[in-house]
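S.K.: Structure incoming, see below.
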Amino acid sequence: MSSERPDPETLLTRAKEEEARKRQGRLKLFFGAAAGVGKTYAMLEAARELKADGIDVVVGSVETHGRAETEALLEGLEILPPRIVAYRGTVLKEFDLDAALARHPAVILVDELAHSNAEGSRHAKRWQDILELLDAGINVYTALNVQHLESLNDLVAKITEIVVRETVPDSVVERADEIELVDLPPDDLIQRLQEGKVYVPQQAQEAIRNFFRKGNLIALRELALRRTVLAISWILGFFAAIVLAGFPIAVPLFVFLYLRIQGKESWVFSVIFTFAVWAFFYALFDRLLHLPFPAGWMRTWLG
């Protein structure tokens, strides 16, 4: 019997890892179909609300693209100075990760999740900077367009006939604690382009002829809406399963279905990983903490 008992050191290590995850910062993603729908604007409005509530919020990196109404929202917010990088005869302004970590605000705004950092930076991609901020316990607000999502890259290329080079792994997006969909009908976005509210006039006309064709915008908007609904559906489904079937059934069922359907993992990996997750929770709550799993309504109804 003693050989079947969980190893206390293993349980303690897992408990410490779980505690570390709880100390990590929270990620809020402002998600949209394309540039110009208002993601950065919405993010800055949210930051101003936080500041008004007395929360320590800092702007780490925000791209206003010269939009006057967006730049106006920066007034009164603390802005970290950029890191100046000399690159091929030009000067680049990059997000200063070390300064952000040293400042350690409650919330930091780091725009353009898919951005590629300049050569010589600690991380090649901005999403890697953001993961380091989260690991340091800093809450992060960031923004992303649907075409930069790695799993949709090939589909976006087929729709728009344009290959998007900068992508973000789905696992990073799935780590978001909150996703806010920033939506704008295609006709309204095209009007904003024509009025010079997204790009300068020459760039705007080029964009309308290529990536920002109305058909493309409709398809990208549909992708963004579907992606947001899918994320919400998984979360609601998980909590519904806990209420109805109880924790012992809901957890393995959710993990297995998520790995198979969303993660497209093999049957063998899905079964083994699901069993490992269930065994961890059972050992932690039932054996180590002596907290029985809550039963679902179905078990109560069926007696």
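S.K.: Among the numbered criteria (1) under 22 Å from the mean Cα position of the chain (by Cα); (2) aliphatic (A, V, I, L, M); (3) surrounded by 13 or more Cβ atoms within 10 Å (Cβ to Cβ), which one does residue 124 miss?
M.R.: Tallying (1) under 22 Å from the mean Cα position of the chain (by Cα); (2) aliphatic (A, V, I, L, M); (3) surrounded by 13 or more Cβ atoms within 10 Å (Cβ to Cβ), residue 124 fails exactly one: (3).
S.K.: Which pairs have Cβ atoms under 9 Å, sit 6 or more apart or on different chains, and link a residue in the stretch 53-64 that is assigned by TED's automatic domain parsing to the domain that holds residue 40 to one that is of a type in the set (Lys, Arg) and modelled with pLDDT of 95 or more?
M.R.: 57/48; 57/51; 58/103; 60/103; 61/126
S.K.: Would you tally the residues in the stretch 145-195 being at pLDDT 85 or above and of a type in the set (Lys, Arg)?
M.R.: Residues meeting the conditions: 2.
S.K.: Do we find a residue being under 27 Å from the mean Cα position of the chain (by Cα), outside any helix (DSSP H, G or I) and either modelled with pLDDT under 70 or farther than 24 Å from residue 151 by Cβ (or both) anywhere in the stretch 279-294?
M.R.: No, every residue in the stretch 279-294 fails to be under 27 Å from the mean Cα position of the chain (by Cα), outside any helix (DSSP H, G or I) and either modelled with pLDDT under 70 or farther than 24 Å from residue 151 by Cβ (or both).
S.K.: Out of the stretch 33-51, which residues are under 17 Å from residue 178 (Cα atoms) and either touching a Phe, Trp or Tyr at 6+ places or on another chain (Cβ under 8 Å) or not assigned by TED's automatic domain parsing to the domain that holds residue 186 (or both)?
M.R.: 39, 40, 42, 43, 46, 47
S.K.: Still on this structure, I have one more. Hey, any hits in the stretch 84-97 for a residue that's on the phi > 0 side of the Ramachandran plot and touching a residue at least 24 places away in the same chain (Cβ under 8 Å)?
M.R.: Within the stretch 84-97, not a single residue is on the phi > 0 side of the Ramachandran plot and touching a residue at least 24 places away in the same chain (Cβ under 8 Å).
S.K.: Filter the stretch 39-52 down to the residues that are touching a residue at least 24 places away in the same chain (Cβ under 8 Å) and of a type in the set (A, V, I, L, M, F, W, C) and list them by number.
M.R.: Residues of the stretch 39-52 touching a residue at least 24 places away in the same chain (Cβ under 8 Å): 39-48, 50-51.
Residues satisfying the conditions are 42, 43, 44, 46, 47, 50.
S.K.: So, one more: Which one of 59, 37 is of a type in the set (A, V, I, L, M, F, W, C) and either surrounded by fewer than 19 Cβ atoms within 10 Å (Cβ to Cβ) or at pLDDT 90 or above (or both)? So that I can check it myself, show each step before the final result.
M.R.: Working: 37 fails: either surrounded by fewer than 19 Cβ atoms within 10 Å (Cβ to Cβ) or at pLDDT 90 or above (or both).
None of the others qualify; the one that does is 59.
S.K.: On to the next question. What do you reckon, is residue 108 hydrophobic (A, V, I, L, M, F, W, C) and touching a Pro at 6+ places or on another chain (Cβ under 8 Å)? Walk me through how you get there before you give the answer.
M.R.: Values: hydrophobic (A, V, I, L, M, F, W, C): yes; touching a Pro at 6+ places or on another chain (Cβ under 8 Å): no.
Considered against the rule, which asks whether it is hydrophobic (A, V, I, L, M, F, W, C) and touching a Pro at 6+ places or on another chain (Cβ under 8 Å), residue 108 comes out as no.
S.K.: Further question: Within the stretch 63-110, can you find the residues that are at pLDDT below 95, in a loop (DSSP other than H, G, I, E, B) and buried (at least 16 other Cβ atoms within 10 Å of the Cβ)?
M.R.: 64, 67
The values are calculated or read from the model by the stated rules, or taken from the named source; none is laboratory data. Worth saying up front: this structure is predicted, and the values here are computed from it rather than measured. Cβ coordinates were reconstructed from backbone atoms using ideal geometry, including for glycine residues, and neighbour counts include every protein chain displayed.
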